[in-house]
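Enquirer: Mind looking over this structure? Questions follow.
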Amino acid sequence: MSTAEKTSRIDLALQRMNAYSDWINPIVIKEVRQSLKSKLFVTTFMLSLAACWAISVIGIMFFWNVIEYSPVSLQFFICYYWVLAFALFVVIPFGAFGSLQTERDQNTFEILQITTLQPSQIVTGKLASAMLQAIILYAVIAPFIAFSSLLQGFDLLRVSYEMTISLAICMGASMCCLMLSTLGKQKNFRTLMVLFLLGGLVSLFSSQASFAAYVMAGGADFDTEFYLWNLLFFLGGLSYFFLFHQITVAQLTFEAENRSFGIRVIATAQFYLLWICMYAISIMYASTMLRYSDDYAWSCAVISNFHWAIVGFFAVTEAEPLSRRIRRDLPKSFWKRWLMVSFLPGGSRGFFLVTKHLLLTIPLMLGLQYVTGLAAGETNLPTLSGLLSEHKTESSIAQIGYIIFFLGMGRLITAGMMKAAPSTRPAHGRVVMLITTLMCVLSPYLILWLVGYYENRMTLDYHPLMVINPVESLRYINDNDDAMSRLIFSFAVLAGGIVLLANLPGTLRGLRQGLWPERPDPYRALDYSTVREQLQRAEETGVTAVMG
Amino acid sequence: MSSTELDKSRATSSASTVGAPTDSASPATAINGHPNPGIDAAGTTPERKPMIEVRHLHRFFGKLKAVNNVSFTAYPGQVVGFIGPNGSGKTTTMRILATLDLPTAGDAFVNGYSVIDDPDKVRHAVGFMPDAFGRYPNMDVVEYLDFFARAYGLRGQKRLDALDRVLIFTELRKMAHKPINTLSKGMSQRLGLGRVLIHDPPVLILDEPAAGLDPRARVELRELIAVLSTELGKTILISSHILTELGEICDSAVIIEAGQVLASGTIKDINDKHLKDLADSKNILFITRVLNGQAEALATWLLEQPFVLDANVASELVRFRFEGDVHAQHDLLKRMINSKFEIIEFQRKAETLEDAFMAITKGIVQ
Ligand SMILES: Nc1ncnc2c1ncn2[C@@H]1O[C@H](COP(=O)(O)OP(=O)(O)OP(=O)(O)O)[C@@H](O)[C@H]1O
Ligand SMILES: [Mg+2]
């Protein structure tokens with residue numbers, strides 16, 4: 001075939017494709033075109049095919065004598081699955097990682113950024129390409145699985161289950177990789193991340209491979225509980241999928257744009273999802289498995305507190321000013337702004353969001369205990385004061401107190417740093433916050449060791465100085481119910497309360513910024529006095545890219 | 001006029017003249033009475049709406065003032081050269097115009113939209129070609145252009161038309177299926193230009209498009225740009241150090257150094273003004289040619305004459321600086337002719353655009 005002929009055929013094919021491809025994400029089209037010419041993709045494709053052929057031939061030879069009456073389908077499927085799993089959990093996610101990273105390395109990203117393509121489209125496009133590759137691999141494997149279904153002992157339910165969750169996990173892993181590819185620009189950090197990522201993917205592969213073997217060998221009962229757990233995992237996974245998607249999009253968005261909103265909304269949705277699931281489970285299972293006195297509600301509180309501690313770690317350190325673009329795009333209606341305000345970027349609004357939900361955790365937790373008792377049909381239902389004086393409740397509240405204390409301190413310190421040295425980045429605030437927390441954890445040990453407290457003791461009992469160490473204190477209050485635990489509780493509540501008050505002015509200022517924004521005059525006549533003001537502000541704040 | 005004076009005059013004169021640009025179709029009333037803030041002396045009618053308007057633009061990186069009060073205006077169909085030595089802030093300004101960066105103070109408007117407030121609208125109006133742009137692997141010319149057409153939201157026949165238009169204009173049709181990472185520098189600059197043109201923006205911002213091109217490719221690029229500006233009415237901001245090039249490509253220029261505009265106007269204006277400055281100045285460079293072997297002696301003789309600052313010898317040429325007025329010049333010449341030296345040539349050093357540039361910029365390194 002001559003090249004001219006080939007070209008014209010490609011042209012023709014392109015023209016046909018053109019008619020249908022308009023509404024497909026441009027990134028997907030680009031990636032498909034590239035991967036059709038890429039050696040890596042073709043190699044993976046061919047190798048998987050070859051591996052499956054080899055498995056079939058060797059397997060048939062090996063089982064030749066027993067193939068007609070022995071349930072060998074299982075062995076065949078597992079071998080095919082391993083080939084698929086390697087591609088799904090290692091090759092495709094790692095490819096996604098590389099694809100977004102090279103996009104950013106090659107100077108191509110900037111010209112992409114100023115097209116009308118949105119960052120979310122770029123991320124979704126990359127994900128969809130990964131998905132498409134996975135589907136192509138499924139198509140490669142399908143005939144072999146069909147072959148294994150002809151053999152004895154084929155279990156359609158388990159095979160479908162494995163194939164479905166594998167696709168979901170592949171998507172999750174790819175999303176995770178895409179997110180990681182946008183974090184950090186330093187070369188050493190990246191090298192480290194690649195190693196870390198490869199290690200993670202390989203261990204994901206091996207754990208999935210053995211889980212599949214376990215499931216295929218009849219290891220799990222496909223009963224209601226099994227499906228319920230799967231549903232919970234799916235919902236949890238999905239929420240993190242969306243969270244990671246938002247984080248990735250935020251990383252690809254210009255700084256002056258609203259980068260926190262999506263992340264904060266999803267993190268809040270996760271919080272409510274958790275409690276809704278917990279209430280649902282408690283109502284369903286209360287009569288058979290749960291009683292109100294169980295630790296159930298308390299463990300939910302631990303998870304949700306941990307969630308907010310992490311969200312808060314990132315949220316409270318953000319830079320305070322709302323950029324001109326954000327202020328301009330705020331809704332006209334006050335009530336809409338009121339709904340939005342805690343999701344807007346900025347440390348004070350982050351602190352408001354986190355504190356609000358940490359405090360909300362207390363009634364949610366008490367309510368869950370009550371509902372569990374109610375659903376279990378228990379006769380002597382707890383009163384509010386009864387619930388409050390419950391030791392586990394105290395312990396939860398102490399936890400919340402500590403989290404508010406450290407986050408509030410972090411916000412105050414970061415805001416102070418940003419004021420003093422305007423070049424401070426949120427990351428600096430986070431490091432300082434980590435160090436502060438670490439110092440609170442370690443310094444009591446150091447002081448007690450220096451004064452010789454540990455010298456003639458066999459066991460390390462709790463010393464009142466430890467109240468500033470949240471780890472020891474929370475452990476103690478969890479295990480004991482005595483005067484000392486009362487002291488820890490009081491300290492945590494007091495410390496949290498004081499920090500809350502200390503943050504109040506800043507938080508109110510932050511809320512005011514979002515509720516009654518100074519709207520930029522978009523087409524103001526730009527006279528030199530405005531410019532002088534801007535320059536003066538830049539000099540004072542050191543922020544050299546105009547935000548306001 | 002020093003650059004600060006320039007700024008002050010602009011600061012006062014251009015106050016509240018931008019008015020409220022709304023969309024490209026709006027009448028140009030907002031511009032009426034717009035005093036000359038820069039380079040619209042290029043025979044353009046001031047009633048026309050400016051396509052690029054940079055106003056008191058500042059961009060600092062910490063202590064470094066990469067762009068320090070830059071203002072200029074460009075009207076439809078104009079090709080504006082953005083000239084400055086390395087590190088003078090050209091790329092920084094252009095990135096702000098392309099919405100890739102934000103200013104510290106001031107604002108810039110493209111097609112009437114602020115780069116700070118309306119980046120999306122600016123992006124529709126601007127095609128930006130950075131000095132170095134990445135090339136995707138495993139992709140050919142058509143696929144590359146097609147991808148960007150899609151990325152700009154062109155659909156169906158519109159997209160195919162855009163592809164055709166660009167392939168024909170850049171003459172890349174015969175290379176349509178060539179992998180882009182095998183293209184020569186000249187061809188890949190054409191591809192870059194094609195990409196910039198794919199969504200047919202009225203404003204093009206080209207960062208050193210001629211860098212690294214051979215003379216032929218440069219001439220071709222110049223022709224493409226001429227067509228774009230004269231026939232298609234595009235406003236083009238083009239940065240370069242290659243000054244001799246700019247005289248032919250651009251109708252006006254902004255000369256920038258260390259983040260500040262040193263001169264702006266039509267190329268001819270800049271040149272004339274420079275020559276006039278030179279004529280007024282009292283420190284002129286002359287070149288004299290004498291017959292073989294007399295150069296050294298002439299140099300020594302010259303140094304003994306009044307108003308001569310220095311004299312250098314290069315084979316049969318003698319260059320010397322002279323700070324006297326025209327009468328002193330005349331005297332010197334008369335004495336030189338009457339002396340024993342066999343003078344063949346006597347001229348003032350020729351002033352090219354290059355010289356104007358060298359004279360205007362001071363070689364400030366930040
Ligand atoms: N992101 C940045 N951070 C810090 N400094 C920067 C940054 N970008 C540019 N600069 C500095 O700003 C100054 C102006 O740079 P710019 O790239 O705009 O110059 P240029 O006129 O384009 O130079 P060239 O002719 O070399 O391309 C330089 O001193 C440069 O080092
Ligand atoms: Mg540059």
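Enquirer: Take every residue in peptide A:528-538, count the Cβ atoms of other chains within 10 Å of its Cβ, and give the average of those counts.
Expert: That works out to 6 on average.
Enquirer: What nm value, rounded to one decimal, do you get for the distance between A:TYR272 and A:TRP64 when each label is placed 7 Å out toward the C-beta?
Expert: Spacing of the two 7 Å Cα→Cβ label points: 6.5 nm.
Enquirer: Which trypsin sites (Lys or Arg not before Pro) does segment A:21-113 hold that lie in a coil by DSSP with at most 13 other beta carbons within 10 Å?
Expert: Of the trypsin sites (Lys or Arg not before Pro), not one in the loops of segment A:21-113 has a Cβ with at most 13 other Cβ atoms within 10 Å.
Enquirer: Scan chain A and note any complete DSSP helix (H) whose C-alpha atoms cover at least 15 Å along its axis and whose Kyte-Doolittle average is 1.6 or more.
Expert: A:39-62
Enquirer: May I ask you to list the lysines whose Cα is less than 18 Å away from that of A:LYS37, ignoring any residue fewer than eight positions away on the same chain?
Expert: Leaving aside lysines fewer than 8 places away in the same chain, those within reach of A:LYS37 are A:LYS6, A:LYS126, B:LYS178.
Enquirer: Given points 7 Å out from each Cα along the Cα-Cβ axis, report the A:ASN188 to B:ILE168 separation in nanometres with one decimal.
Expert: Taking the simple label geometry, A:ASN188 and B:ILE168 are separated by 5.7 nm.
Enquirer: Sticking with this structure for a sec: With a 1.4 Å probe and all protein chains left in place, how much accessible area per residue does chain A have, in Å²?
Expert: On a per-residue basis, chain A sits at 51 Å².
Enquirer: First select every other residue whose beta carbon is under 10 angstrom from the beta carbon of A:ALA315; then total the charges, Lys and Arg +1, Asp and Glu -1.
Expert: Summing Lys and Arg as +1 and Asp and Glu as -1 gives +2.
Enquirer: For all pairs of alpha-carbon atoms in the protein assembly as shown, what percent lies in each bin of width 20 Å, listed from the first bin to the last filled one?
Expert: Taking all Cα pairs of the protein assembly as shown, the binned fractions are 11, 32, 32, 18, 6, 2, 0 percent.
Enquirer: Which pairs break 22 Å Cα to Cα here: B:LYS49/B:LYS121; A:LYS332/A:LYS356; B:LYS90/B:LYS234?
Expert: Exceeds cut-off: A:LYS332/A:LYS356.
Enquirer: Sort A:432-444, A:215-227, A:314-326, A:410-422 by packing, meaning the average of other beta carbons within 10 Å per residue, with the highest value first.
Expert: A:314-326, A:410-422, A:432-444, A:215-227
Enquirer: Where the centre of each part is set by its Cα atoms, how far does segment A:408-424 sit from segment A:342-367, in angstrom?
Expert: What the calculation gives is 21 Å, centre to centre.
Enquirer: Residues of segment A:20-53 losing 30 Å² or more of accessible area relative to the isolated chain, 1.4 Å probe, heavy atoms only?
Expert: A:ASP22, A:TRP23, A:PRO26, A:LYS30, A:ARG33, A:GLN34, A:LYS37
Enquirer: Would you compute the Debye intensity of chain A from its alpha-carbon atoms alone, equal scatterers and no solvent, and pass along log10 I(q)/I(0) at q = 0.08, 0.09, 0.10, 0.12 Å⁻¹ to two decimals?
Expert: Computed log10 I(q)/I(0) values: -0.74, -0.91, -1.07, -1.31.
Enquirer: List the residues of segment B:106-123 whose accessible area drops by at least 20 Å² when all protein chains are present, compared with their chain alone, using a 1.4 Å probe and counting only protein heavy atoms.
Expert: Listed by number, the residues meeting the 20 Å² cut-off are B:GLY106, B:ASP107, B:PHE109, B:ILE116, B:ASP117, B:ASP118, B:PRO119, B:ARG123.
Enquirer: Shifting gears a bit: Tell me which lysines have Cα within less than 22 Å of B:LYS276's Cα, excluding those fewer than 8 residues away on the same chain?
Expert: By straight Cα distance, B:LYS276 reaches B:LYS268, B:LYS349, B:LYS362.
Enquirer: Another one. With label points built 7 Å along Cα→Cβ from the Cα atoms of B:ILE344 and A:ARG532, find their separation and express it in nm.
Expert: If labels sit at B:ILE344 and A:ARG532, their model points lie 6.1 nm apart.
Enquirer: What is the dipole size for the protein assembly as shown, taken about its Cα centre, with +1 at each Lys and Arg Cβ and -1 at each Asp and Glu Cβ, in debye to the nearest 20?
Expert: 620 debye
Enquirer: A further question follows. Need the full-extension length gain, A:THR108 to A:SER120, defined as separation in residues times 0.36 nm minus the C-alpha distance. One decimal, nm.
Expert: Going from the current span to full extension adds 2.6 nm.
Enquirer: With a 1.4 Å probe, how much accessible area is buried between chains B and A, both sides summed, in Å² to the nearest hundred?
Expert: Adding both sides of the contact gives about 5000 Å².
Enquirer: So, with a 1.4 angstrom probe, what is the percent of accessible area on segment B:114-211 that is carbon and sulfur?
Expert: 53 percent
Enquirer: Where a ≥ b ≥ c are the square roots of the eigenvalues of the C-alpha gyration tensor, would you call segment B:169-274 rounded, which needs a/c under 1.5, or, failing that, prolate if a/b is larger than b/c, or oblate?
Expert: Since a/c reaches 1.5 and a/b is larger than b/c, the shape of segment B:169-274 is classed as prolate.
Enquirer: Can you tally the net charge around A:VAL28? Count Lys and Arg as +1, Asp and Glu as -1, for every other residue whose Cβ sits under 11 Å from the Cβ of A:VAL28.
Expert: +3
Enquirer: Right, here's the next one. Could you compute the net charge surrounding A:ASP482? Neighbours are other residues with a C-beta less than 13 Å from the C-beta of A:ASP482; K and R count +1, D and E count -1.
Expert: -3
Enquirer: Need the per-residue list for segment B:134-181: every residue with at least 50 Å² less accessible surface in the complex of protein chains than in the chain by itself, probe 1.4 Å, sorted by number.
Expert: SASA drop of 50 Å² or more in segment B:134-181: B:GLY134, B:TYR136, B:ASN138, B:GLU143, B:PHE147, B:ARG150, B:ALA151, B:TYR152, B:ARG155, B:HIS177.
Enquirer: Can you give me the % of accessible surface on chain A that is carbon or sulfur? Probe 1.4 Å, all protein chains present, nothing else counted.
Expert: Within chain A, the accessible surface is 69 percent carbon and sulfur.
Enquirer: OK, next. What's the extension gain from A:TYR285 to A:MET439 if we count 0.36 nm per residue and subtract their Cα-Cα distance?
Expert: Here the answer is 51.1 nm.
Enquirer: Same structure, new question: Within 10 Å, count the other beta carbons around each residue, average over each peptide in B:75-88, A:236-249, and list them highest first.
Expert: With the highest mean Cβ count within 10 Å placed first, the list reads B:75-88, A:236-249.
Enquirer: At 222 nm, what value in deg cm²/dmol follows for the protein assembly as shown if DSSP H runs of at least 4 each add -39500 (n - 2.57) and the sum is divided by all its residues, to the nearest 500?
Expert: The per-residue figure over the protein assembly as shown is -20000 deg cm²/dmol.
Enquirer: As an exercise, identify the chymotrypsin sites (Phe, Trp or Tyr not before Pro) in segment A:49-110 lying in DSSP coil whose Cβ has no more than 11 other Cβ atoms within 10 Å.
Expert: A:TRP64, A:TYR69
Enquirer: Right, here's the next one. For a quick protection proxy, order the peptides A:379-392, A:152-165 by their average other-Cβ count within 10 Å, most packed first.
Expert: So the peptides A:379-392, A:152-165, ranked by packing, come out A:152-165, A:379-392.
The values are calculated or read from the model by the stated rules, or taken from the named source; none is laboratory data. Just so it is clear, the structure is predicted and the values come from calculations on it, not from any experiment. Neighbour counts are summed over all protein chains in view; Cβ atoms, including those assigned to glycine, are modelled from backbone coordinates with ideal geometry. For accessibility, only protein heavy atoms count, side chains too; no ligands or nucleic acids. Shrake-Rupley method; radii C 1.70, N 1.55, O 1.52, S 1.80 Å.
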